[in-house]
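Undergrad: Below you'll find the structure I mean.
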Amino acid sequence: MGPKHVCVRAAVPLLALTVLLLVGLLHVDIRTLAPLLRGQAEGPPVTNIMFLKTHKTASSTVLNVLFRFAETHNLSVALPAGARFHLGYPWLFLARYVEGAERDGSWRRFNIMCSHLRFNPAEVQKVMPQDTFYFSIIRNPISQLEASFVYYRGFVPAFRAAESLDAFLAAPHAYRNRSRDLRNAYAKNNMWFDLGFDHNAPAGDGYVRARLAEVERRFQLVLIAEHFDESMVLLRHRLRWRLDDVVSFRLNARSPRSVTGLTPEGRERAKRWCALDWRLYQHFNRTFWARAHAELGARRLRSEVARLRARRRELAGLCLQDGAPKSGTQVADRRLSPYQSGDADILGYDLRPGLDNQTLRMCQRLVMPELQYTARLYALQFPEKPPKAIPFLPA
């Protein structure tokens, strides 16, 4: 090693020590210099984002975060055309499912896409910019299947006749008719299906590895619902957003009384029945933690999670009556009532009375259910179009 390399190596710790001394002398908040010390690239916030909204994975809460950011920053959103609230699901996504996508014989580009769709990358790329940040969220498939069974019980043919999820998993082929496979997509490997893959494919090692590698190539980040706060911290870091941009209240969540349990045997059957989703979850649960620790480190991750939770508690005290959710059927403001589906009791929020106008607007956005927020953005973005009607709300 030459003398020049020795000098450079000696200078690095000396520079860091000098910066720390300046922090002490000038009383500078060290967090403002952390990117310099960590070599973190700073820049403007990321505003071109595609979120693959999987089902029953806390994705409605993520959608609220993205909708709020879009509204606050006057960004365009790829919204479902006409009266719809999804982008063609369960069929593979086509660009024409987006309102206003076709313009003068070419495709319009949008900043944010986050409504339910079945991923079809070639079509997504028609309406999203080249520098779009792609991410998604997944959940333990046992819990995801249980939530789907309760939520879609009246819609999915495979679930209707089953007395319980345990009964369904004991003989799933007796309940599931392959001829009605699209409507039964929620009943097997639903996250795999949302990614655009064949949810009935054998879980052979070569096939699974190839599909997982494809997800890695197309998505810069896959969040984990069971570690939602850690996921939002890492997402915030990747998008270079402010803390308040990612603070959220749980939306489209069920009350504990509508969460059902599975027997140990039923849980093992669920793993086998949703083997593709199980492999997907195992893989990205590992890579999520590897990325979080590589990019933030364990100590910083814990610190930022604590800040996120503290800010959520602060906003709950400011916005929410009783500081907690309640049964959606008991929400006083019907405009903020969540959609109720199947056997699920979906929770909602009442806001504190007497809020000033600015605080009221902020709090309303935080608790606004998915259907109402979609309709709101649609009216703002396409004022010349008929508004989206929400069936369970008065016109």
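Undergrad: Can you report the number of residues in segment 369-395 which are without any contact (Cβ under 8 Å) to a residue 24 or more places away in the chain, within 22 Å of PHE69 (Cβ to Cβ) and part of a loop (DSSP other than H, G, I, E, B)?
TA: Of the residues in that region, 1 qualify.
Undergrad: Also, quick follow-up: For segment 154-174, how many residues meet the condition of being crowded, with 17+ Cβ neighbours inside 10 Å and either touching a Pro at 6+ places or on another chain (Cβ under 8 Å) or among the basic types (Lys, Arg) (or both)?
TA: Count: 1.
Undergrad: A further question on this structure: Can you give me the number of residues within segment 210-220 that are surrounded by fewer than 21 Cβ atoms within 10 Å (Cβ to Cβ), under 19 Å from GLN144 (Cβ atoms) and not basic (Lys, Arg)?
TA: Number satisfying all stated conditions: 2.
Undergrad: Take the residues of segment 225-242 that are more than 16 Å from GLU42 (Cβ to Cβ) and of a type outside the set (Asp, Glu): which is most open to solvent (accessible area, probe 1.4 Å)? First the steps, then the outcome.
TA: First, the residues of segment 225-242 that are more than 16 Å from GLU42 (Cβ to Cβ): 225-235.
Now drop any that are not of a type outside the set (Asp, Glu), which leaves 225, 227-228, 231-235.
Values: ALA225: 21, HIS227: 56, PHE228: 34, SER231: 0, MET232: 1, VAL233: 6, LEU234: 0, LEU235: 1 Å².
Out of the qualifying residues, it is HIS227.
Undergrad: When you scan segment 325-357, how many residues do you find that are small (Gly, Ala, Ser), open to solvent by 60 Å² or more (accessible area, probe 1.4 Å) and modelled with pLDDT under 95?
TA: Residues that pass the stated criteria total 1.
Undergrad: Same structure again: Only one of (1) crowded, with 17+ Cβ neighbours inside 10 Å; (2) more than 30 Å from ASN190 (Cα to Cα) fails for ALA310. Which number is that?
TA: That leaves (1) as the condition not met.
The values are calculated or read from the model by the stated rules, or taken from the named source; none is laboratory data. Model, not experiment: these values are computed from the prediction. For neighbour counting, all protein chains shown are included, and Cβ atoms are generated from backbone atoms with ideal geometry for every residue, glycine included. The area values use the complete protein model at the heavy-atom level, side chains included, leaving out ligands, DNA and RNA. Shrake-Rupley method; radii C 1.70, N 1.55, O 1.52, S 1.80 Å.
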